[in-house]
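Heads up, the thing below is written out as structure tokens.
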Amino acid sequence: MSFSRSKSASLIGALAVAGLLLTGCAGGQSKADACKGLESGLTDVQSDLSSSLSGAATDPKGAADKLQSVSDTFSKNVKGVTNEEVAPAAKKADEALSTLVDEFSKFAEDPTGADSSAMSSAATDVQTTFTDLGKVCS
């Protein structure tokens, strides 16, 4: 399986949407704090991640490592969320992102044997769960 430009663009788009949705988090004090805490540190790696994913066809391992870094940062942020409205949506987004990391890592290890359908599904789940999280945070 080759990592086409359209798949790369789709993955970058899903993660960019996730980042943009989180930047719009607002609302009641504790809800706003929870949403603000989720985006902590993510804006620092967004540009680097986009660049790595754009070059995924030539350096899939580097892109997988950057994606893992984003997932690790987000997971750490999710652990700090106690708001009853935000926590469930944040956990679902975290699980979806973790699944995407797993699927992308499989691609990085074996680009020809990776399941493109599973990776596409995982990317869609990331977009859906982060959209839901954005709704909670708005």
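FYI, it's all coordinate maths here, none of it is from the lab. For clarity, every value in this text was computed on a predicted model and none was experimentally measured. Don't worry about glycine lacking a Cβ; one is built from the backbone with ideal geometry, like all the others, and counts go over all protein chains shown.
Observations on the structure shown:
- Sequence-distant lysines (8 or more away, or on other chains) whose Cα lies within less than 17 Å of LYS61: LYS7, LYS106
- Residue order, fewest to most beta carbons within 10 Å, for GLU95, GLU39, GLU109: GLU109, GLU95, GLU39
- Chain lengthening between THR58 and SER30 when straightened (0.36 nm per residue, less Cα-Cα): 5.8 nm
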